[in-house]
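Here is the structure we will look at.
The values are calculated or read from the model by the stated rules, or taken from the named source; none is laboratory data. Quick caveat: nothing in here was measured; it's all calculated off a predicted structure. Cβ sites come from the backbone with ideal geometry, for glycine too, and all protein chains shown count toward neighbours.
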Amino acid sequence: MARPEIAAGAVVDPTAVLGAGVQVGPGAVIGAGVVLADGVEIGARVVLDTGVAVGAGAIVDPGAVILAGVSLGTAVRVEPTAVLGKRPRLRGGSSAAGLQLGELIVEAEATICAGAVVYAGAHIGVGAIIGDQAQVREQARVGSAAVIGRGSCVDFGAQVGARVSIQTGVYVTSGAVLEEDVFLGPGVLMTNDDSMGRHPRGIGLVAPVVRRAARVGGGVVLVPGVEVGAEAFIGAGAVITRDVPARARVVGIPGRVVGEVADGELIEHWRR
């Protein structure tokens, strides 16, 4: 078995465990108790904090920072300057205060793209892709094979199902639920607080719910508490102020039903 290769200038704590064929680039810092399985590649100037675990065949590109309490599955790819395991900085009275953070888990074959930030306590599913400069907050879950587009934000506690496709510049508000196969076009905006912060302490926020295989066009706004039914279609730029029935076609401000999604457009005819 190939011995680990540690470049000049790398710093590896003596308690770290390096599997066969591990490669550590120049200037990398490997902290106490880090476990690198066989065939892991660590680029230049990477920082792996205390107790990080990296699965076999994973690649961590130059400049990435992986903080304590992060577990990466097999064949995960972390691209340059991504930050994993960040802990939130919250103002007093934030609704995110008091959340149990726990471990950040990134499952097998997921990709965290360049400049993305994934917080402690999040969970990234098998084969998911977190796009360049995207943000996934604490206690958020991203399902298997889901894609989070460039610069999009999945806020704390949001739930993103399997095979969801989120395009560029989308905001998924805290507590939102996106069921499997949902599509969100560029610039979709969700909100969860009708009072815009002027509500009594202890009053819960109410986020939108988007049911299975619904499609939401670019620039759509979903106000607090609305539910978009399964297989619904919302045209670009609509403002959704009330629940949308399953398979409804909706356009306009405020959104209004103008028809029904045809049988030939249902997800079973299009899932690859």
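Tell me, yes or no, whether segment 1-10 has at least one residue that is among the basic types (K, R) and under 28 Å from the mean Cα position of the chain (by Cα). Checked segment 1-10: no residue is among the basic types (K, R) and under 28 Å from the mean Cα position of the chain (by Cα).
Could you give every pair whose Cβ atoms fall below 6 Å, whose first residue belongs to segment 21-35 and is within 12 Å of V60 (Cα to Cα) and in the same structural domain as I59 (by TED's automatic domain parsing), and whose second residue is part of a loop (DSSP other than H, G, I, E, B) and among the β-branched types (V, I, T), counting only separations of at least 6 or pairs across chains? Close Cβ pairs (under 6 Å, with a partner that is part of a loop (DSSP other than H, G, I, E, B) and among the β-branched types (V, I, T)) amount to V22/V40; A28/V46. Looking across segment 114-128, the residues that are surrounded by 21 or more Cβ atoms within 10 Å (Cβ to Cβ) and either under 20 Å from P62 (Cβ atoms) or in contact with a Phe, Trp or Tyr (Cβ under 8 Å, 6 or more places away or on another chain) (or both) come down to A116, V118, Y119.
Looking at E103, E109, E79, E41 in this structure, which one is touching a residue at least 12 places away in the same chain (Cβ under 8 Å), on the phi > 0 side of the Ramachandran plot and surrounded by fewer than 22 Cβ atoms within 10 Å (Cβ to Cβ)?
Values: E103 fails: on the phi > 0 side of the Ramachandran plot; E79 fails: on the phi > 0 side of the Ramachandran plot; E41 fails: on the phi > 0 side of the Ramachandran plot.
Result: E109 is the single residue among E103, E109, E79, E41 that is touching a residue at least 12 places away in the same chain (Cβ under 8 Å), on the phi > 0 side of the Ramachandran plot and surrounded by fewer than 22 Cβ atoms within 10 Å (Cβ to Cβ).
Summed over segment 1-13, the residues that are more than 22 Å from P80 (Cα to Cα) and at pLDDT 95 or above give a count of 1.
Considering G131, G115, the condition of being under 9 Å from the mean Cα position of the chain (by Cα) and not assigned by TED's automatic domain parsing to the domain that holds A236 is satisfied by G131 alone. Scanning segment 170-185 for residues that are assigned to a loop (DSSP other than H, G, I, E, B) and surrounded by fewer than 17 Cβ atoms within 10 Å (Cβ to Cβ) turns up nothing.
Looking at segment 152-169, which of the residues that are buried (at least 24 other Cβ atoms within 10 Å of the Cβ) and among the β-branched types (V, I, T) is farthest from A213 (Cα to Cα)? Quick ask: steps written out before the conclusion?
The first filter runs over segment 152-169 and keeps only residues buried (at least 24 other Cβ atoms within 10 Å of the Cβ), leaving 152, 154, 158, 160, 164, 166.
Imposing the further condition that a residue be among the β-branched types (V, I, T) reduces the set to 154, 160, 164, 166.
On the way: V154: 18, V160: 12, V164: 8, I166: 12 Å.
In this case the residue turns out to be V154.
Look through V206, V250 and report the one residue that is part of a strand (DSSP E or B) and more than 24 Å from Q133 (Cα to Cα). Being part of a strand (DSSP E or B) and more than 24 Å from Q133 (Cα to Cα) holds for just one of V206, V250, which is V250.
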